[in-house]
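Every number here is computed from the coordinates shown, using simple stated rules; none is lab data. Bear in mind that the values here come from a model prediction, so they are computed numbers and not experimental data. Cβ sites come from the backbone with ideal geometry, for glycine too, and all protein chains shown count toward neighbours.
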Ligand code: GLY
């Protein structure tokens, strides 16, 4: 039976999901707050709606006769979109609002880890009163990570001794009016992500990815939703061993066992420290940008994952092309503090296609059987892909919003080659956007390796 899949969300992550389903035996429909031109081009139908409005999403799912749904954004999960779709008989690949608390409530997340004795949990305290949190900051003799308990789009955490002083951290909590706060031991090391697909008690993991949260080159500036990311041709990253990757997977395994009935993506944000792998946080959905590193090199049909989940089966084993990826986001000028939204930009799809052609491969965009050609290209050589994110496709052109605009991903045999391809693809990036050009460069990757060597005393 051919499936009808509803994709919820309109960012780069969701464009990657749409492309992972393109060419599969399904009709794809999408709904998002913004009209993402990349998704709209792939989908049979696209509705612009508030994706936290559960009844609007449900009504659209019923209208298109959806049999399955893939839910991208955490805000939609928090609002209960998975619950509403399940009630309507549409199988959601995404957790219920209650299960998504593993991401949406950071105090719950840490207590859950403590209660289930999950490895990699820091020493922490939770607060429901800003002044009590400030007093704790004053009394602490060590540096702390300061985390608002609710969703902040990845921009809420402040690390004392790295991003802020004690005084700065207290000022931040008071200014923003955060009452529910987690204060925890600061980890020192290299961050990385491992995303697991979970259903019916089975966990299937994907290659490790390193995202770059800071706005500016050299890891300077405020936190963002993520400026770009890279992955290597194998499962690990250059600064970690196979055992360290396995340690992270072991933590995901423990967490899935503790969660019990959990469906969707379990995203582990880890810190590799001199003392082993620690948990920075869990998320309940694909990472953005990490989905753009992972899905383009996944040979397994994502639709098979969704169907197996719904049928109550163990998920299929995942297979990945042995290719490195480098993703670079173009963000509106001023992002994240004073983003210049509502600005018309030109996205040069031809530059991306040229960057792919320069390595003898196609871009995947617009080919006859895109998913197959992408997998083939990734298995054989280099390629560039363009992902639209939080842009709005209007009658007179493509406009920025206040969030990340578009990303390019270079795919090749090594991180260095993938980085060159991504830069070539971005050569047509127009005015009005800003890019972190250092992501995936040999210099940056070397600095990560050296950092871990230093911490290990090598
Ligand atoms: N890359 C960070 C996130 O998706 O939350």
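So the values come out like this:
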{"item": "Protection-proxy order for peptides 188-194, 174-180, each taking the mean of Cβ atoms within 10 Å per residue, highest first", "result": "188-194, 174-180"}
{"item": "Net lengthening on full extension, residue 450/residue 348 (0.36 nm per residue, minus Cα-Cα)", "result": "33.1 nm"}
{"item": "The chain: antiparallel DSSP beta bridges as a percent of all, rounded to 5", "result": "80"}
{"item": "Separation in nanometres of the label points that stand 7 Å from Cα toward Cβ, at residue 200 and residue 416", "result": "4.5"}
{"item": "Cα gyration tensor shape for segment 1-90, rounded if a/c is under 1.5, else prolate or oblate", "result": "oblate"}
{"item": "Contour minus Cα-Cα distance for residue 338 and residue 128 (0.36 nm per residue)", "result": "72.7 nm"}
{"item": "Segment 160-235 and segment 50-122: distance between their alpha carbon centers, rounded to Å", "result": "21"}
{"item": "Stretch gain in nm, segment residue 395-residue 117, where the contour uses 0.36 nm per residue and the Cα spacing is subtracted", "result": "94.7 nm"}
{"item": "Length-normalised contact order for segment 223-335 - Cα pairs under 8 Å, 6+ apart - percent", "result": "36"}
{"item": "Sequence ranges 65-77, 98-110, ranked by mean other-Cβ count within 10 angstrom, highest first", "result": "65-77, 98-110"}
{"item": "Cα gyration tensor shape of segment 114-157, rounded if a/c is under 1.5, else prolate or oblate by comparing a/b with b/c", "result": "oblate"}
{"item": "Residue 141 versus residue 185: modelled label distance in nm, points set 7 Å from Cα along the beta carbon direction", "result": "1.5"}
{"item": "Alpha carbon centroid spacing (whole Å) that separates segment 246-302 from segment 413-458", "result": "22"}
{"item": "222 nm mean residue ellipticity, helices alone, for the chain (DSSP H n ≥ 4; -39,500 (n - 2.57); rounded to 500)", "result": "-9500 deg cm²/dmol"}
{"item": "Prolate/oblate/rounded label for segment 117-274 (Cα gyration tensor, a/c 1.5)", "result": "prolate"}
{"item": "Relative contact order of the chain, defined on C-alpha pairs under 8 angstrom at six or more residues apart (%)", "result": "16"}
{"item": "Overall dimensions of the chain as given by Cα atoms, namely Rg and Dmax in Å", "result": "20.8, 63"}
{"item": "Mean Cβ count within 10 Å, highest first, over the residues of peptides 393-405, 298-310, 225-237, 334-346", "result": "225-237, 298-310, 393-405, 334-346"}
{"item": "Share of alpha-carbon pairs per 5 Å distance bin for segment 403-458, given as whole %", "result": "4, 17, 22, 18, 15, 11, 7, 4, 1"}
